[in-house]
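Peer 1: The structure that follows is given in the form of structure tokens.
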Amino acid sequence: MNNNNKMVFVMVDGIADTSIPQYERKTTLQVANTPTMDAMSSSGINGAMDPVEPGFACGSDTAHLSILGYDPRKYYRGRGAFESMGAGLDMQPGDIAFKSNFATLDKSSGIVISRRADRNFEHLGPTLCDYLTGIKLPSFPDYRVDVKYATEHRCGVRVRGPNLTDSISGTDPLKDNLPLLKATPLDINSHDSVLTSKIVNELSDEISKALENHPINIERREKGLPVANVVLLRGCGVCVEAPTFKEKYGMNAFMIAPTCIIAGLGMSVKIDVIESEGGTGDYHTNLQSKADTLLKNILDENNKYQFGFLHIKAVDDAGHDKNAPLKIEFLEKIDKMLHFIILKLAIAQNVEKKGNFTICLTGDHSTPVLTGDHSYEPVPFTICKVIEADKIINKKNDDNNNNNNNNNNSNGVNCFSDNVKVFNEIESTSGVLGRFPGGQAMNIICQYMNN
């Protein structure tokens, strides 16, 4: 691997959508004004990527595993371990962990009224997590429980003790206005599976009892706000062994991923997780801070990293909230961020001679605003040389004013482009990459960045 060749991978969570009647059957990407994304498509190669496989509506964790080249069928053992590691809980062999939500439960009926007690929970979540850490399980005194705040309404929950297994279901009904579930053993003939389900059910009950009359919830009731009186335990997971990113690809990598589940996934394959000030996993995220942090590390004077991964979550939240205008707004903000990144990397390459830069843009799944949930449509994928995208953005090269970009290479870069001029779900399907599974993404990236 040539250490002068460097890769910037921008992952926009939930980037893709379906046609929306109010926008004349266009998607949010088609409606958004994204000239930088279009320049990337025009100067590079494109395709439609099924994050895992065609027809599979995947979660962000399985999608990221697949796209980074780790087959989820082999390496996925529940998202709970990723969430908890990303939140700051270490995972040892034998531990189990959950990706969890603070939620609102109607105690009289056992119905989960809302799976999200409040998206704006960052001022309350840490306090409640500290309160729950070390909670006792009367029937199982040998087990230790730790809870760590993640982001928004989410937290990681880790259980440590003998004979635990991830072979159980969770307590999350997955939709509002459904009963809180009981954890059940996935293997009724397994002592450990039966035992773990009993432990988790007692944990769920004890957490709910502890939260019911916590001062925070008393105050929220008085203000007419939904209480956070239950923690939904889902995605029971354990840590798994996998080859490191460096072992697979020969590159030192860093990741900017404020959502704990993606950060934990990166940690599990020894990708350095870098924090950016104000770079949150919600609508309040500071995209400029993320861009600055990305550039600082990929342009490190000691040439520490060859691969930088930037994850952006807000677009997915807008899809889940069925808010098309907000999704469009964030796509346009990301486009401006990409313009800044490309400009700075082009200067670093052409003027400062700090390396040869490639940039890739895609998503981990579709989150259509009409359904508010992940779906199975492929996502657009583009990869290009930074200096070629920069030429189009700034109209530096006369060749970019005609309709033939193939072998457009005044700077000596051996690259080519296809006929796609616009970045969206429809146009990408006609790209030279065609439709491909996410497990091939890193092979495409490695070949293209070193071409």
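Peer 1: Write out, first by first residue and then by second, each pair whose Cβ atoms fall under 9 Å of each other, whose residues are 6+ apart or on separate chains, and whose first residue, in region 1-23, is in contact (Cβ under 8 Å) with a residue 24 or more places away in the chain while the second is open to solvent by 40 Å² or more (accessible area, probe 1.4 Å) and of a type in the set (Ser, Thr, Tyr).
Peer 2: Thr18/Thr371
Peer 1: I've got another one for you. When region 325-363 is examined, which residues are found to be surrounded by fewer than 18 Cβ atoms within 10 Å (Cβ to Cβ) and part of a loop (DSSP other than H, G, I, E, B)?
Peer 2: Hits for region 325-363 are Val351, Glu352, Lys353.
Peer 1: While we're here: Across region 1-52, what is the total count of residues that are under 29 Å from Lys354 (Cβ atoms) and among the basic types (Lys, Arg)?
Peer 2: Adding up the residues that qualify gives 1.
Peer 1: Out of the strands (runs of 3 or more DSSP E) lying entirely within region 39-146, which hold 1 or more residues that are more than 26 Å from Pro226 (Cβ to Cβ), of a type in the set (A, V, I, L, M, F, W, C) and touching a residue at least 24 places away in the same chain (Cβ under 8 Å)?
Peer 2: Because the criterion is at least 1 residues that are more than 26 Å from Pro226 (Cβ to Cβ), of a type in the set (A, V, I, L, M, F, W, C) and touching a residue at least 24 places away in the same chain (Cβ under 8 Å), the strands (runs of 3 or more DSSP E) in region 39-146 that meet it are 45-50, 96-106.
Peer 1: Can you tell me which residue among Ala291, Ala242, Ala257 is more than 22 Å from Asp335 (Cα to Cα) and of a type in the set (Gly, Ala, Ser)?
Peer 2: Checking each option against the conditions leaves just Ala242.
Peer 1: Same structure again: Going by the conditions given, is Asp38 modelled with pLDDT of 95 or more and open to solvent by 10 Å² or more (accessible area, probe 1.4 Å)?
Peer 2: Answer is yes for this residue.
Peer 1: Here is a further query. Are any of the residues in region 6-15 farther than 30 Å from Arg73 by Cβ and out of contact with any His (no Cβ under 6 Å at 6 or more places or on another chain)?
Peer 2: yes
Peer 1: Within region 262-284, how many residues are open to solvent by 20 Å² or more (accessible area, probe 1.4 Å) and β-branched (Val, Ile, Thr)?
Peer 2: Number satisfying all stated conditions: 3.
Peer 1: Scan region 58-95 for residues that are at pLDDT 90 or above, out of contact with any helix residue (DSSP H, G or I) (no Cβ under 7 Å at 6 or more places or on another chain) and open to solvent by less than 10 Å² (accessible area, probe 1.4 Å) and jot them down.
Peer 2: Passing the criteria: Tyr70, Asp95.
Peer 1: Between a residue in region 364-381 that is crowded, with 24+ Cβ neighbours inside 10 Å and any residue that is aliphatic (A, V, I, L, M) and assigned to a loop (DSSP other than H, G, I, E, B), which pairs come within a Cβ distance under 8 Å, given they are 6 or more apart or on different chains?
Peer 2: Every condition considered, the pairs that remain are His365/Ala57; Phe381/Leu433.
Peer 1: With the condition kept exactly as written, say whether any residue in region 289-311 is under 19 Å from Ser60 (Cβ atoms), of a type in the set (S, T, N, Q), open to solvent by 10 Å² or more (accessible area, probe 1.4 Å) and out of contact with any His (no Cβ under 8 Å at 6 or more places or on another chain).
Peer 2: No, region 289-311 has no match at all.
Peer 1: Of everything in region 128-157, what is open to solvent by 10 Å² or more (accessible area, probe 1.4 Å) and within 24 Å of Lys313 (Cα to Cα)? Give them in sequence order.
Peer 2: Those that are open to solvent by 10 Å² or more (accessible area, probe 1.4 Å) and within 24 Å of Lys313 (Cα to Cα): Lys148, Tyr149, Ala150, Thr151, Arg154.
The values are calculated or read from the model by the stated rules, or taken from the named source; none is laboratory data. Just so you know, these numbers come straight off a predicted model, no measurement behind them. Glycine gets a Cβ as well: all are built from the backbone with ideal geometry, and neighbour counts include every protein chain shown. The area values use the complete protein model at the heavy-atom level, side chains included, leaving out ligands, DNA and RNA. Shrake-Rupley method; radii C 1.70, N 1.55, O 1.52, S 1.80 Å.
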